[in-house]
1. What residue, among those in region 92-124 that are in contact with a Phe, Trp or Tyr (Cβ under 9 Å, 6 or more places away or on another chain) and among the β-branched types (Val, Ile, Thr), is surrounded by the most Cβ atoms within 10 Å (Cβ to Cβ)?
2. Just to be sure, is THR138 surrounded by 14 or more Cβ atoms within 10 Å (Cβ to Cβ), of a type in the set (S, T, N, Q) and within 22 Å of TYR95 (Cα to Cα)?
3. Out of all the residues in region 96-108, which are within 17 Å of PHE62 (Cβ to Cβ), in contact (Cβ under 8 Å) with a residue 24 or more places away in the chain and either within 8 Å of the chain's Cα centre (by Cα) or part of a strand (DSSP E or B) (or both)?
4. Would you please name the residue that is modelled with the lowest pLDDT, looking only at residues in region 119-175 that are polar (S, T, N, Q) and closer than 22 Å to GLU192 by Cβ?
5. For ASP89, state whether it is within 23 Å of ALA191 (Cα to Cα), at pLDDT below 95, of a type in the set (Asp, Glu) and surrounded by 12 or more Cβ atoms within 10 Å (Cβ to Cβ).
6. Could you please give the count of residues in region 120-158 that are assigned to a strand (DSSP E or B) and either over 22 Å from ARG96 (Cα atoms) or in contact (Cβ under 8 Å) with a residue 60 or more places away in the chain (or both)?
7. Which residue is surrounded by the most Cβ atoms within 10 Å (Cβ to Cβ), if the candidates are limited to region 70-83 and must be more than 20 Å from TYR35 (Cα to Cα) and either in contact with a Pro (Cβ under 6 Å, 6 or more places away or on another chain) or of a type in the set (S, T, N, Q) (or both)?
8. If you take the residues of region 159-195 that are in contact (Cβ under 8 Å) with a residue 40 or more places away in the chain and part of a strand (DSSP E or B), which of them is surrounded by the most Cβ atoms within 10 Å (Cβ to Cβ)?
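The values are calculated or read from the model by the stated rules, or taken from the named source; none is laboratory data. Because the structure is a prediction, the values reported are computed rather than measured. Backbone-built Cβ (ideal geometry, glycine too); neighbour counts: all protein chains shown.
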Amino acid sequence: MKTFNFRMITVIALTFGFVEISNAQKQSTGLYLTYNDYLNHKLSYTADKTNPNGNKLLIHEFIGMNKVTVISNGKKTMIPKSGLFGYHDSNGNDYRFYENKAFQVIDTTAFYIYSYDKLIQQGKGPKPTRVYYFSKKTDDKILPLTSENIAKAFPKNAKFRYMVEVAAKTNLKLDAYDNEANEYKIKELYAESLK
């Protein structure tokens, strides 16, 4: 049954090949043209909830297309993802485009943490798995959240590098979330390294 459901989801995703942000959703959805737009939550090409023939955004995430499709007043416009910061979805999540992929922005304190769901081979077949990434600054490369990449990104913060190295050796996952402190463990280590 699980194999059938996974195959069916895969077929649907490949058949349609895009994420549609429709006008029937409750929250504002739209594109962030720039980082400043993201900071000020200024959306462009927002979906029009009041008009059934209003704007629609097609992100094309499943097929890895390098453009976003905007349909406005029946007219289709293609915008390169490389010219956009990202988008805001109807669930209140923000995404940053990087190398034609939409990485969900999940934490912005001190440095950015992102997540990306991708299929990873496990057992009899691939399964959707959430993978964590980071960037030191907004316009930096998005890198996998590993102790090696942290060491390269923070060469002047030896204390932080050593704390991350020790955490990795003790099997503390860098993407672990501390529900009591309401933050990611990696952010706790960073804050501690500044003391």
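1. Among residues in region 92-124 that are in contact with a Phe, Trp or Tyr (Cβ under 9 Å, 6 or more places away or on another chain) and among the β-branched types (Val, Ile, Thr), the one surrounded by the most Cβ atoms within 10 Å (Cβ to Cβ) is ILE113.
2. yes
3. Passing the criteria: TYR98, LYS101, ALA102, PHE103.
4. Among those residues, the one meeting the criterion is ASN171.
5. So ASP89 fails the test.
6. Total meeting the criteria: 5.
7. Filtering first and then ranking leaves SER72.
8. Of everything passing the filter in region 159-195, TYR184 is surrounded by the most Cβ atoms within 10 Å (Cβ to Cβ).
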